[in-house]
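These notes are about the structure you will find just below.
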Amino acid sequence: MRQEYQLGKLLRTFYGDFLGEMYRPREINIKSGRDNRTLTSAQLLLAGLFPPLNEQIWDNQLLWQPIPIETVEILDHQSFGMFDHCPEGERNLKEGEGYKRLEGLFKEEIERMEKDTQMKIDGIFILQRVLDSIVTRSKLPQLLPLPAWANSSKYLEERRKKHLSLHIGLIDLFLESMGGWHFDQILGRMDDAVGKRNDQESMLYSAHDTNILTIGRFLGIEHINSILSDYASFLVFELHSNKSFDGEEYFVEIKFRNGLNATTETLKIENCQNPCPLSKFRNLGRRVTSAQWIRQCLGSELLDYQCGTYGPVAAALLLLVVLLMASLLSVFLSCRSYKRNYQYLLECEENSPLISKNNR
């Protein structure tokens, strides 16, 4: 937890001038997977990135402010995470020849780990969990010490290599679709900035090491296309503009830091110069929307998903319409006053807290 908090403070040293001193909800949006680890990481990072200042301080004993985080389940669908969320995607994957070949490549590793752990390992999905546990515990020896049979540098290095190659092998089987979804997310934010569609200047995603690996392999980004990033790592896509007589050109520059103790690197894309012109960056791959991925993920269960999601919403909206009609006269009488107050709060959102110190 401390590492994520320190990462937030580190990002402030790099991007403080761009982000501004204070958190302003209209200028930054934060998204996270639904996994508890990514949500917790986002909260800790934001505590370091945006400590409250002046009117934002609501308790002098607690220099922290609540910042909303939007959950995006697709961020958890990476690599073997898809098996926990995507019944149709998992079924199609396991029926394919690529998955069967991957299981064949790791047959010896499964047998070895069964011998070492004295447990039944039914396929590469369980193997991944065993390897992930070993690699994770090797990074936290004080909290989660390894068993004696796994506690040697040579053994751990072999398991790390197997762990990485297993994730790469699986990610590559659906790289076009899941990599395309990440690409769509990145380009979508850049399109918003270029088109000045809103006031947001930055978007922050809290996700997994496999998300970074997926992006690296899809876009052909050196270094991150062949590693699983360490804790408290960050990957940044910076959009820069260059104004000239011919108009305004945009360029993409990529920064990466593999953990707190590493140095920040500027990464290169295989098929584009550095920095990469946005016009060329757009053509690095095919975009996949969230709706397209959900169809691939859920398949025939999509209808159940939609009914479960939109059915209660429709019923709630119907009830809301009835209630609104019943209270229409009251709303109309107070509408003008409300609009004036709302506009005032909207314009002074950052400078006028809803809870005044003097009224506590």
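The values are calculated or read from the model by the stated rules, or taken from the named source; none is laboratory data. These numbers were taken from a predicted model, which means no experiment stands behind them. Cβ coordinates were reconstructed from backbone atoms using ideal geometry, including for glycine residues, and neighbour counts include every protein chain displayed.
When restricted to residues that are in a helix (DSSP H, G or I), in the same structural domain as residue 223 (by TED's automatic domain parsing) and among the aromatic types (Phe, Trp, Tyr), segment 253-297 contains 1.
Being touching a residue at least 40 places away in the same chain (Cβ under 8 Å) and of a type in the set (Lys, Arg) is the filter here; which residues of segment 258-285 pass it? 268, 282, listed by residue number.
Could you identify the single residue in 4, 21 that is among the acidic types (Asp, Glu) and under 19 Å from residue 235 (Cβ atoms)? Step through it out loud before you land on a result.
Working: 21 fails: under 19 Å from residue 235 (Cβ atoms).
The unique qualifying residue is 4.
In this entry, residue 134 is excluded by the filter for residues that are outside any loop (DSSP other than H, G, I, E, B), under 31 Å from the mean Cα position of the chain (by Cα) and free of Cβ contacts under 8 Å to residues at least 12 places away in the same chain. Among the residues of segment 82-91, the ones that are surrounded by fewer than 18 Cβ atoms within 10 Å (Cβ to Cβ) and touching a residue at least 24 places away in the same chain (Cβ under 8 Å) come to 5 in all.
Is one or more of the residues making up segment 75-96 among the polar types (S, T, N, Q) and under 20 Å from residue 186 (Cα atoms)?
yes
Of the candidates 224, 186, the single residue that is without any contact (Cβ under 8 Å) to a residue 60 or more places away in the chain and part of a loop (DSSP other than H, G, I, E, B) is 224. All told, residue 227 meets the bar of being among the aliphatic types (A, V, I, L, M) and surrounded by fewer than 17 Cβ atoms within 10 Å (Cβ to Cβ).
Of all residues in segment 227-252 being part of a loop (DSSP other than H, G, I, E, B), in contact with an Asp or Glu (Cβ under 6 Å, 6 or more places away or on another chain) and not hydroxyl-bearing (Ser, Thr, Tyr), which is nearest to residue 270 (Cα to Cα)?
Kept after step one, since they are part of a loop (DSSP other than H, G, I, E, B), are these residues of segment 227-252: 227-233, 245-246.
The next check asks that each one be in contact with an Asp or Glu (Cβ under 6 Å, 6 or more places away or on another chain); those that pass are 228-229, 232.
If we keep only those that are not hydroxyl-bearing (Ser, Thr, Tyr) too, we end up with 228, 232.
Numbers: 228: 19, 232: 26 Å.
Among those residues, the one meeting the criterion is 228.
Scanning segment 14-62 for residues that are crowded, with 17+ Cβ neighbours inside 10 Å and of a type in the set (Gly, Ala, Ser) yields 32, 33, 41, 42, 47, 48.
For the criterion of being touching a helix residue (DSSP H, G or I) at 6+ places or on another chain (Cβ under 6 Å) and either within 24 Å of residue 161 (Cβ to Cβ) or of a type outside the set (Ser, Thr, Tyr) (or both), residue 281 fails.
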